[in-house]
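Below is one structure, written out as structure tokens; the observations come after it.
The values are calculated or read from the model by the stated rules, or taken from the named source; none is laboratory data. Everything numeric in this text was worked out from a predicted model, so none of it was measured. For neighbour counting, all protein chains shown are included, and Cβ atoms are generated from backbone atoms with ideal geometry for every residue, glycine included. Ligands, DNA and RNA are excluded from the accessible area calculation, which covers all protein heavy atoms including side chains. Shrake-Rupley method; radii C 1.70, N 1.55, O 1.52, S 1.80 Å.
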Amino acid sequence: MPILRPIVISLAGFDPTSGAGCTSDIKTFESHQVYGMAVLTANTIQTEDSFITIRWEEKSYIIQQLTILFQRYTIAAVKIGIIPTIEDLIIYINLIKTLSPKTQIIWDPVFKSSSEFNFTSLDSIEPYKEIMSKLALVTPNYLEIHQFINSSEDAIQKAQQLSSYCNVLLKGGHNSNALGFDYFIESEIVHTLTPTILSDYPKHGSGCVLSSAIAANIAKGDTVLEASKRAKQYIESYLNSNHTLLGYHAK
């Protein structure tokens, strides 16, 4: 009898180019041999290099979809992408943990698109410390980490503070001083994830692909650190798959 694949949900927006959002996540899940499901938080009009507008889905509809899926299936992990408000994020995380306490949640905090369209705002982490403890991992980049903690400290120091509440993967794509170096931080201990191949070809939605690859690896039994290391290898291949802003998935 074949072993059934673990199930992972993408709670994210719809990107018609499939470079980012739930369809990109589903491609990543499939290439990692986990079964992907999706609940849409938003529909968008965009291309890989421009963002026109967004239509957020009704919160009650999202709650109903999540509830039905969790009542029917065993969900190993959930990757969360764009969310209109932090209050909504708290509702969804609490719902997931109530329905399935063992489900691992990875939050990719997308505050704005690569074309500078603003999504969620986060003034301070203070009101949300409790909810952070329910996450397996949060994956801010070098720009996003400064929205979590308002201080004069550098990005790694801020990520260390954030790691008091949950594991942090500080993505290095926007770090001009150490391009491609990511930092996995657990309880303020820093693990440097060194790039093996640097890419001259940035990709639309690369953060979505990385976080969904981590979710897939966790669902298959990796620790969060192991999952992050494997996902880094995957994203390097993805970035170098072609010279355009839309990458190819292969495993």
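Summary table
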item: Matching option when the condition is closer than 16 Å to Val138 by Cβ, open to solvent by 60 Å² or more (accessible area, probe 1.4 Å) and of a type in the set (Ser, Thr, Tyr), among Tyr183, Tyr165; result: Tyr165
item: Matching residues in the stretch 28-68 - criterion: being aliphatic (A, V, I, L, M), open to solvent by less than 30 Å² (accessible area, probe 1.4 Å) and not in a strand (DSSP E or B); result: Val34, Ile62, Leu66
item: Number of positions in the stretch 87-98 that are open to solvent by less than 10 Å² (accessible area, probe 1.4 Å), farther than 20 Å from Gly36 by Cα and of a type in the set (Val, Ile, Thr); result: 0
item: Matching residues in the stretch 99-133 - criterion: being at pLDDT 95 or above and either open to solvent by 60 Å² or more (accessible area, probe 1.4 Å) or of a type in the set (A, V, I, L, M) (or both); result: Leu99, Pro101, Lys102, Gln104, Ile105, Ile106
item: Failed condition for Asp25, given (1) in a helix (DSSP H, G or I); (2) within 21 Å of Lys203 (Cβ to Cβ); (3) open to solvent by 10 Å² or more (accessible area, probe 1.4 Å); result: (3)
item: Total residues in the stretch 241-251, condition out of contact with any helix residue (DSSP H, G or I) (no Cβ under 8 Å at 6 or more places or on another chain), open to solvent by less than 60 Å² (accessible area, probe 1.4 Å) and within 17 Å of Ile197 (Cβ to Cβ); result: 2
